[in-house]
1. What's the long-distance tail for segment 4-297, i.e. % of Cα pairs beyond 23 Å?
2. Under 25 Å between alpha carbons: how many lysine pairs meet that in segment 4-297, if sequence neighbours fewer than 8 apart on the same chain are excluded?
3. Please compute the contact order of segment 4-297 in relative form: average sequence separation of alpha-carbon pairs under 8 Å and at least six residues apart, divided by the residue count, as a percent.
4. Can you put D88, D158 in order, fewest other beta carbons within 10 Å first?
Amino acid sequence: MPSKAAILNDYLLSVFLGIIEGLTEFLPVSSTAHLRISEAVFGVDLGDSYWKMFSIVIQLGAILCLPIYFWQRIMSFFSTYPNGTRGDKTAITHPLALTAIAFLCTAAPAFVLTKVIGKNLESLKLISIALIVGGVVMFVVDRIFGSRNVPAFDSAVDEVERMTMPQAIWIGLCQVLSAVFPGTSRSMSTIAAGQIAGLSRTAALEFSFLLSIPTMAVATGYDLLKTLHPSKSAEPVAPLHIDAHGWIVLAVGFVVSFVVAWGVVAWFMGWVRKRGFAPFAIYRIVVGAIVLAWSLSK
């Protein structure tokens, strides 16, 4: 039976990690990097199966906010399939199909590279370098292509309904980088890829959100399955054996992550339309430099 102080510390840690996950999951700053850094700072045992499951559960909380927040938008896509709102789409060029195609372009390479991904998650140095490099890429891309968010920029793809299959494939392949190099950020790689491919900031962000629903749901579900039924060398987590305290800690982290992520998505959509991604790029570079210096000094 843990002490009252230990219980309180677990609750506070659950709230803190839930906030971190909710704040960073959909911002282009890498939730994986921030959780990994936070866990290292607070001495969380990353080899402990319970805390592995906790990280997955709070990510599920963040994921859940997307289909609820974009419910009407998603329903409109289903109602217009396969012809689209303008009647110019087919079963493979409709936004729903393009989302599925982009997802498959990510899922296949990421599955093959599973072992590489697992090893990279252990390296704070690699994560910090990915933060810095991703920040530089995002800053340069937004400076060059950010003007596409201006209504007068006629050549921009300013809505998801106007996207093409090559653009979707390109964005899906670029998303693989975030899986192989933790710290790159899934949203950063898809947003920057979208801007390079000709999408406006707003269209790139919306498609990034749409693509994240199947990508994160499948990846998180797969991680949860591996945690509950791991290889013979690892210790499984038996949900029925988790005590009341453990369930409460999971529930607190899940709810906090969901609420914070909801607020972030609502705020981020408005911010990007007016200001772009440069502040997040600078933040990535600063945090990455600090973490790199810290990891090298250990």
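Each value in this text was obtained by applying a stated rule to the coordinates, not by laboratory testing. If you're wondering where the values come from, they're calculated on a predicted model, not measured in any experiment. Neighbour counts run over all protein chains shown; Cβ positions are idealised from the backbone, glycine included.
1. On the way: 23948 of 43071 pairs.
Considering segment 4-297, 56 percent of its Cα-Cα pairs are separated by more than 23 Å.
2. 11
3. Details: 426 pairs, mean separation 104.2, N = 294.
For segment 4-297, the relative contact order is 35 percent.
4. On the way: D88 11, D158 18.
If I rank by nearby Cβ atoms, fewest first, I get D88, D158.
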